[in-house]
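First comes the structure, then the notes that go with it.
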Amino acid sequence: MLTFLGKRALAAVPVLLGVVLLVFLILRLIPGDPAQILLFGTKATPERVAELHQQLGLDRPVVVQFLSFLGDLLHGDLGYSYSSHGPVIDEIAERLPYTVNLAVGALLVALLVGVPTGILGGLKPGSVVDKAATAFSVLGLAVPYFWLAQLLILLFAVHLGVLPALGVGGTAALVLPSLSLGLGFAAIITRMLRAALIDVYSSPYILVARAKGLSSGRVLVSHAMRNAASSVTTILGLQIGNLLAGAVATEVIFGRPGLGNYLVQQIGLKDVPTIQGIVLFIAVAYIVINILVDAAHGVLDPRVRKAWAS
Amino acid sequence: MSAVAPGGEELLAVRDLRVVFPGTRPEDAAVTGVSFAMNPGQTLGLVGESGSGKSTACLAIMGLLARGATVTGSITFRGTELVGLPERRLRPLRGKDIGLVYQDPMAALNPVKTIGAQLREPLRLHLGMSRKQADERAVELLDRVGIDAPRDKLRSFPHEFSGGMRQRVVIAMAVSCNPTLLIADEPTTALDVSVQAQVLELLSDLTTDLGIGLLIVSHDLSVVAGLADDVAVMRHGSVVEYGSVHQVFQRPAHPYTRDLLAVVRELEGDPVDAGGRP
């Protein structure tokens, strides 16, 4: 297991380098001079712009800028925000809890809704329950989460007035954002788990388990679910990345002061170091989560562990 | 050695069994009008080509057919009628009184559970053993079916075993609770020829030693010939010929049986004409 994690961490290094390069280049290729934006509303004489360029290091050649960025990065230094002048790393740390809470809430919604409906559909394919579960998942996949968010706000916050639409006031404020971000994810889990269970239930080992006299509950829990879960975890890892992307728009809609919302604001300000920092942070989170999910795959399936060893 | 007479102390009696799967017409029944019987400790071979309804008949006995299959007729196991028996009354019989050896050993064991965990299941469920007792019994069983270093193997996973070893594990699992009936559905079909003979010998030894009635299903007449007391030949869901091995193989009455025998003899390069052929 440790060798596997080590190998995967090493393999992630070139991926990270690629992300760093890409983020750096894109931010320099899009139009708009950060100095001009910072001086917006003041008297931006060419002298002041040039002075600011020098202060921010933007007067240096792009290659030099990149190498210096990379060098700082290796020391764990993400630079200073153009707008707040604070260290980018502190800006991230301050907003991260709001995003993590949202992601965890959405993941909980996805699992609590997706797993039971997936099991119900997978156990009796073609039944009324299965058709209802399938209808739910098609709907969940078809409805964009940002539109669902608005519907949820209309219903629960405006009409019923039971849940807050905006802000970060405790758990209640987390319910609607988690639902809007998590339900689409739940739909994916439903479909994947249903398909995996139908596949597992056609395997001879399930018949053999039943022939041993196990009850259908025992067959599901101790024989079918573990096999189905190992094929669902892979999808889960990929989808958690989408969850992070979805968190950006969800935070904007619900006015949550998380990383995503902050990222959108800073893009408007062309705050290059902050944007770079947040995008890199999300990329690292994505890579780490995927390594952990692959490790979970190995815990669930001994054949995967065997493949690691060879 | 002859076919069991109706009545008496039968282990298993199947009468006029008929199985219709959902979505098929009644005239396309997978099994129709199948009758046979077994005495305790006896071996019955069910032969026929694939799709002739052999496996369906076996699964019907264990009540393991796909949901929605209609089973009519009568299956009595030690005096209990199994057709229409509710699941909660069938379950205690499965794995305890009736064991199943499935055709494909590569797929018959759960890939993510250890051999030990899979062997312990029926022992703890039916015999109420503790984990430790079940482990001891599992070691005995693995040893009995000819697996080396059985204690170490409890923690192995199925993918670490060859096909022949897996089938030995499946057999150990099937006989673990001392059943009176063992159903072996094509137990050697998926195995290498060299391993087939060993597994058949193991089945034969075990059932003889433990006094287990063996219902062995095969498309291969030579498998059944060496093992069975009685033979039922199935075709298109019906039994076309039924009698003692001696009777059926020496004087086959049905043209289909004669064809089957002729094929076997041709393959074995045996020039002797199929008995009864004019």
Have a look at the DSSP beta bridges in the protein assembly as shown and tell me what percent are antiparallel, nearest 5.
50
What translational diffusion coefficient, in µm²/s and rounded to a whole number, does the Stokes-Einstein relation yield for the protein assembly as shown at 25 °C and a viscosity of 0.890 mPa s, taking the hydrodynamic radius as the Kirkwood radius over Cα pairs?
85
In degrees, nearest 10, range 0 to 90: what is the angle between the Cα axis of helix A:2-29 and the longest Cα principal axis of chain A?
40
Kirkwood Rh, Cα Rg: Rg to Rh for chain B?
0.97
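Summing -39500 (n - 2.57) over the DSSP H runs of n ≥ 4 in chain B and dividing by its residue number, what mean residue ellipticity at 222 nm do you reach, to the nearest 500 deg cm²/dmol?
Values: 11 runs with 105 residues, N = 278.
Per the formula, -11000 deg cm²/dmol.
Within segment A:1-84, which trypsin sites (Lys or Arg not before Pro) sit in a loop by DSSP and count at most 12 neighbouring Cβ atoms inside 10 Å?
Details: sites: A:Lys7, A:Arg8, A:Arg28, A:Lys43, A:Arg48; in loops: A:Lys43.
Filter output for segment A:1-84: A:Lys43.
Using the count of nearby Cβ atoms within 10 Å as a rough guide to exposure, how do A:Leu183, A:Leu73 rank from fewest to most? Provide the component values of the computation, followed by the final result.
Working: A:Leu183 23, A:Leu73 16.
Final ranking by Cβ density, sparse to dense: A:Leu73, A:Leu183.
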Toward the positive end of the charge dipole of the protein assembly as shown, about the Cα centre and with charges on Cβ (Lys, Arg +1; Asp, Glu -1), which of B:Leu59, B:Leu191, A:Gly237 goes farthest?
A:Gly237
Over 38 Å, how big is the tail of the calculated P(r) for chain A, in percent of all Cα pairs?
30
Roughly how tilted is helix A:88-123, in degrees to the nearest 10 and between 0 and 90, from the longest Cα axis of chain A?
20
Cα centre as origin, Lys/Arg/Asp/Glu Cβ charges: segment B:1-142 dipole, Debye:
580
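Mind putting a number on the dipole of the protein assembly as shown about its Cα centre? Charges go on the C-beta only, +1 for Lys and Arg and -1 for Asp and Glu, and I need it in Debye to the nearest 20. Intermediate values should be presented prior to the final figure.
Working: 48 positive and 48 negative charges, 245 e Å.
With Lys and Arg at +1 and Asp and Glu at -1, about 1180 debye.
Once you charge only the Cβ atoms, +1 for Lys and Arg and -1 for Asp and Glu, what is the size of the charge dipole of chain A about its Cα centre, to the nearest 20 debye? List each step's numbers first, then the result.
On the way: 20 positive and 15 negative charges, 314 e Å.
That gives chain A a dipole magnitude of about 1500 debye.
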Can you sort B:Met106, B:Met165, B:Met234 so the residue with the fewest Cβ neighbours within 10 Å comes first?
B:Met106, B:Met165, B:Met234
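With the contact rule set at Cα under 8 Å and sequence spacing of 6 or more, what percent relative contact order holds for chain A? Mind showing how you got there, number by number?
Numbers: 348 pairs, mean separation 78.6, N = 310.
With pairs under 8 Å counted, the relative contact order is 25 percent.
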Once the dipole of chain A is set up with Lys and Arg at +1 and Asp and Glu at -1 on Cβ about the Cα centre, which of A:Pro87, A:His159, A:Val252 lies farthest towards its positive end?
A:His159
Using a 10 angstrom cutoff on alpha carbons, build the Gaussian network for chain A and name the most mobile of A:Ala103, A:Ala186, A:Ala296.
A:Ala296
Calculate how many DSSP beta bridges within segment B:12-267 are antiparallel, expressed in % of all such bridges and rounded to the nearest 5.
50
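Taking segment B:104-181, which trypsin sites (Lys or Arg not before Pro) meet the DSSP loop condition and have no more than 15 other C-beta atoms within 10 Å? Don't jump to the answer; show the numbers that get you there.
Details: sites: B:Lys113, B:Arg120, B:Arg124, B:Arg131, B:Lys132, B:Arg137, B:Arg144, B:Arg151, B:Lys153, B:Arg155, B:Arg166, B:Arg168; in loops: B:Lys113, B:Arg155.
Here the sparse-neighbourhood loop sites are B:Arg155.
Using the 10 angstrom Cβ neighbour count as an exposure proxy, how do B:Met38, B:Met173 rank, fewest first? Could the numbers behind the result be given before it?
Values: B:Met38 22, B:Met173 29.
Ascending Cβ contact count within 10 Å gives the list B:Met38, B:Met173.
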Treating the angle as unsigned and between 0 and 90°, give the value, to the nearest 10°, between the Cα long axis of helix A:62-74 and the longest Cα principal axis of chain A.
60
Just list whichever of A:Lys7/B:Lys132; A:Lys212/B:Lys132; B:Lys54/B:Lys96; A:Lys7/A:Lys270; A:Lys7/A:Lys124 have alpha carbons separated by over 30 Å in the model shown.
A:Lys7/B:Lys132; A:Lys7/A:Lys270; A:Lys7/A:Lys124
Computed over segment B:1-118, the distribution of all Cα-Cα distances in 5 Å bins, rounded to whole %, is 2, 9, 19, 21, 20, 15, 9, 4, 1, 0
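FYI, it's all coordinate maths here, none of it is from the lab. The structure presented is a predicted model; accordingly, all values stated were derived computationally and were not measured. Neighbour counts are summed over all protein chains in view; Cβ atoms, including those assigned to glycine, are modelled from backbone coordinates with ideal geometry.
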